[in-house]
Every structure is written in C-alpha cells, then in structure tokens.
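What follows is a single structure, written as structure tokens, with notes after it.
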Amino acid sequence: MSLDFSVLLRFQEALALGLWTTIKLTLICIVLGCSLGFLVGLARTAPSVIVRGIASVYVEFFRGTPVLIQLFWIFFCLPLILGVELSNLASGVIALTLYVGAITSETFRASLKSVGREQMDACIALGLPRRVQVTNVILPQAVLRAVPTLLSNCVSLFKESALVSAVGMADLMFVGQNISNNTARPVEVLTIVALIYFAIAFPLTRAVTLVEGRILKKLAI
Amino acid sequence: MNYTFDFNAVSLGPLIEGLIVTLELTVAANLIGVILGFPLALLIMSRFAVIRWPATLFVEFFRCTPAIVQIVWFFYCVPMLFNVFLGSMTMGILALGLNLMAFNAEAYRAAIQAVPREQLDAGIALGLNPFQRVFHIVLPNALRASIPVLLTNGIVIFQQSALVAIVAVQDLMYQAKTLATETYRPIETFTIAALIYFAVSFPVSQVVGWLERRRQILTS
C-alpha cells in the first residue's frame, strides 16, 4: 500500500483544535486534581478514623478500577443520579480530576511520610507551634520531594486524557479517529496522532528526570 | 433523586464471561511483558548505540503515547501495513503485551542498575565470564528487586485491558457496555463491573504493598 501523509495537511486546524482541547482538559484536571490530591493526602493521615476511612476507600477505588469505567460511570450515571445534564467536558473533567486526585494523594502521602521523624522531634525541641511546624518545616520539604512524582502523574494524565474520546469529547484522539474514518487513511492519521502525543509527552518525561536530579542534589539524599 | 435501583436487572453471566476474557488478555500480556521485557532491558543498556537506540525508541514510544492510541493503531494499521489479519483477541494481546514489555523493561533496567557494583566486581574476581555474571549475579538480584514493580505494571495492564472494548473485543468492559444499553440500567451495570475490576486488582495491590514493606525491613 502507498502512504500519503499529505492528506493530513487539510486537517491541520482540526488536529490543532483537538490538541488544544486535550491540553486544556489536562491543565484543568492537573490544577483541580493536585489540590484534591493534597487534601486527600492530608486526610489519609488525619487522626479521625472516619475521615481516614473515607479517604482510603476513595483512593483505593479509583486506583483499583480502569479509568475508562470511571469515565463511563460519570458520563452515564452521574446525570441520572443528580438529575442534571452534564456536558461531556464536565464529565471528562470530573472523572479525570477524581482519578488524578487519587493518584496524587498517594504521592503526597509518601512524601509527607518521607520527611524524617527527627525533623518533627527537632521542631518540638525548638518549641515551635504546631502551625509553624507544618507550614515552615514539613510542608516545604514534602512538596519538594513530591514534585518529580507529581510531574510524572501529570504526564500520565496527559496520556489518560485520550480516553475522553470514548465518550465523544472532541480531543486529539477523537478528531484523529474521525479524520481517519472520513478519509479512510488510518495509518497516516493515527501515526501522526501518536507522534503528536509522543512529541509532547517525551520531552516532559525527560524534564521530569532532570528536575528529579536537581531536587535530589538539593536535598542531598 | 428519584431513581430506583434494581441490581437484579443485571445478569452476571455475560459479565463473568467478560471477566474471563479480560483475565486471559491480562495473563497473556503479562507473559509477553515479563519474559520479553528482560532481554529488552538488556538491549536498552547495551554498549552499542546501534542496538541501544532502536530499543530505547521502542520503549519510549510505548511509554509516551496513550495506550488507547496504541490499541486503535494496532487494530487499524497492522492489517493494512503488513497485510496480516489476526483475530481481535490476538491483536489485543499483542498491543497490551508490547505496551507492558516497554514498561517492564524500564522496571528491569532500574533493578539491574541497582545491583551493587561490588557484586559484579566480585564476580570478575571469581573469574566468572560475562554470561555467568548476568545469570548468577545480575538476574537473581534484579528479578527479586523488580517483583513489586512488575506486579504493579501487571495490575495496570489488567486495568488498561478495558480499552480493547473500544475495538470490540468482548471483555468485561465491552459486556458491561452492551448490558447497560440493553437493560437501560447503566448505574447498576457499571457499578458491578467496576466492583469486579476492583475485586481483582485490590488484593494484588495489597500484596505489592506487603512485599515492599517486607523488602524495606530486609534491606534496612
């Protein structure tokens, strides 16, 4: 068979729009998801058993089921339960935010745990009030340690965001599949779509490695 | 909310059938990934750039593109490009297996690099040849160290296998979708399907957590 990549030139704008939707969705979910993850991470170390229990069930459930089924559940079931229409952007954002919240909460929890016990003891020895202990000693170190893993969580999210095409949101993957169906040239179109994803995710993963090296050096561990 | 739940409307039969297909996909993909991931890890660590570069490109490509794109690409493009027509199950296994191979290769690489330098030096001092050093020193050490990551990757593939539903492999996700449209009971169907996925992956992830804790105690 002969390949003809020039067909794609006609669809530049559509692909760019799709890519923009993907990026927009990723960014929104990163901001919302990381905030949620941080709160849930704290909740999982809370003294109250009920708070800890709810947070754990949420995290384990979202980590233990496929994102696709989460997305379908939110897309089909949430409108029935709430009795309101949800746009596919809204359900995409809700589903991916809940997913990112679950995975980043684990990242935050691990980094909170990695701040040594001796730091806490030092705080007590210095007679620092509880608020200062948390905001000036524990948090800065924990967040710094969490950064590399959070960045790779964000790259995963960028890739997982392609799933929203399955519920009809016009992201890069959806646009790509539409073009490939209309032009009957799946090889060219899908390859280019894959390359676009790669062109964004690959430099990001390299950046994660770089940042990780810097932070490890800074923390001298 | 005025929705009345009716979990009886969901027949478990098709879901169980789907689960079996999902498990078959998972096991087959894991066999490919666990076995072929190791030689791939050796390739990406090769001294020769001609070997290292293509292997690295392969791994990075699978790690940096969405799994759904890979699966759709496989289903549409492999038959057209190579003129081979395989069953949808075989295609699904191949796509998931290659994806897992790339992720496992990274896990093996990290584990191999974590094998202490002194152990290899000791191997040289004992006069073991490179082949013996790999088989008797690197391999046992690295395999043990990589088990938690391999298991985690295995669960991830179990979850990612839901994506083959999009290309009409009749796995758990596909059966759930069909059932939801047939019965008009999406909430019940998707909830049960999600619980089935959870029931399989949660115990495995608990085992991973236990292995990691045990390893930390052993190494500290």
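The values are calculated or read from the model by the stated rules, or taken from the named source; none is laboratory data. All figures in this text were calculated on a predicted structure; none of them were measured in a lab. Ideal geometry is used to build each Cβ from the backbone, glycine not excepted, and the neighbour counts take in all protein chains shown.
Structural remarks
Condition check ((1) without any contact (Cβ under 8 Å) to a residue 60 or more places away in the chain; (2) among the β-branched types (Val, Ile, Thr); (3) in contact with a Lys or Arg (Cβ under 7 Å, 6 or more places away or on another chain)) across all residues:
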position: B:38; (1), (2), (3): no, no, no
position: B:41; (1), (2), (3): no, no, yes
position: B:70; (1), (2), (3): yes, no, no
position: B:82; (1), (2), (3): yes, no, no
position: B:92; (1), (2), (3): no, no, no
position: B:101; (1), (2), (3): no, no, no
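- Unique residue being part of a helix (DSSP H, G or I) and within 21 Å of residue A:64 (Cβ to Cβ) when the list is A:100, A:134: A:100
Per-residue answers, yes or no, for (1) touching a strand residue (DSSP E or B) at 6+ places or on another chain (Cβ under 9 Å); (2) away from chain B (no Cβ under 14 Å); (3) among the charged types (D, E, K, R):
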| site | (1), (2), (3) |
| --- | --- |
| A:134 | no, yes, no |
| A:138 | no, yes, no |
| A:158 | no, no, no |
| A:188 | no, no, yes |
| A:197 | no, no, no |
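- Within the stretch A:59-78, the set of residues being in a helix (DSSP H, G or I) and either in contact with a Cys (Cβ under 6 Å, 6 or more places away or on another chain) or farther than 14 Å from residue A:94 by Cα (or both) comprises A:59, A:60, A:61, A:63, A:64.
- Any pair with Cβ under 7 angstrom, 6 or more apart, that starts in the stretch B:135-151 at a residue that is touching a residue at least 24 places away in the same chain (Cβ under 8 Å) and ends at one that is among the aromatic types (Phe, Trp, Tyr): B:142/B:108; B:146/B:108
- Listed by position, the helices (runs of 4 or more DSSP H) contained in the stretch B:1-91 that have at least 3 residues being away from every other protein chain (no Cβ under 14 Å) and modelled with pLDDT of 85 or more are B:12-44, B:49-63.
- Helices (runs of 4 or more DSSP H) contained entirely in the stretch B:124-218, each with at least 2 residues that are more than 13 Å from every other protein chain (Cβ to nearest Cβ): B:130-133, B:139-160
- Checking residue B:167 against (1) aliphatic (A, V, I, L, M); (2) touching a Leu at 6+ places or on another chain (Cβ under 6 Å); (3) modelled with pLDDT under 85, the condition it does not meet: (2)
- Selection count, the stretch B:113-123, where residues are buried (at least 16 other Cβ atoms within 10 Å of the Cβ) and assigned to a loop (DSSP other than H, G, I, E, B): 1
- The single condition from (1) buried (at least 18 other Cβ atoms within 10 Å of the Cβ); (2) without any contact (Cβ under 8 Å) to a residue 40 or more places away in the chain; (3) more than 19 Å from residue B:21 (Cα to Cα); (4) not small (Gly, Ala, Ser) that residue B:190 fails is (3).
Each row is one residue, and each column tells you yes or no for (1) farther than 19 Å from residue B:33 by Cα; (2) hydrophobic (A, V, I, L, M, F, W, C); (3) more than 15 Å from the chain's Cα centre (by Cα).
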site	(1), (2), (3)
B:56	no, no, yes
B:63	no, no, no
B:68	no, yes, no
B:72	yes, yes, yes
B:75	yes, yes, yes
B:83	yes, no, yes
B:86	yes, yes, yes
B:92	no, no, no
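- Selection count, the stretch A:79-92, where residues are without any contact (Cβ under 8 Å) to a residue 60 or more places away in the chain and more than 9 Å from every other protein chain (Cβ to nearest Cβ): 6
- In the stretch A:171-183, the qualifying residues are those that are more than 10 Å from every other protein chain (Cβ to nearest Cβ) and surrounded by fewer than 18 Cβ atoms within 10 Å (Cβ to Cβ), and the one that is nearest to the chain's Cα centre (by Cα) is A:178.
- Only one entry in B:16, B:51 is closer than 23 Å to residue B:200 by Cα, surrounded by fewer than 17 Cβ atoms within 10 Å (Cβ to Cβ) and free of Cβ contacts under 8 Å to residues at least 24 places away in the same chain, namely B:16.
- Condition met for residue A:172 (farther than 24 Å from residue A:153 by Cβ and in contact (Cβ under 8 Å) with a residue 12 or more places away in the chain): no
- Single match in B:104, B:99, B:83 (criterion: of a type in the set (S, T, N, Q) and within 16 Å of residue B:164 (Cα to Cα)): B:99
- One residue stands out in the stretch A:38-78 among those that are among the charged types (D, E, K, R) and within 14 Å of chain B (Cβ to nearest Cβ): the one that is surrounded by the fewest Cβ atoms within 10 Å (Cβ to Cβ), namely A:60.
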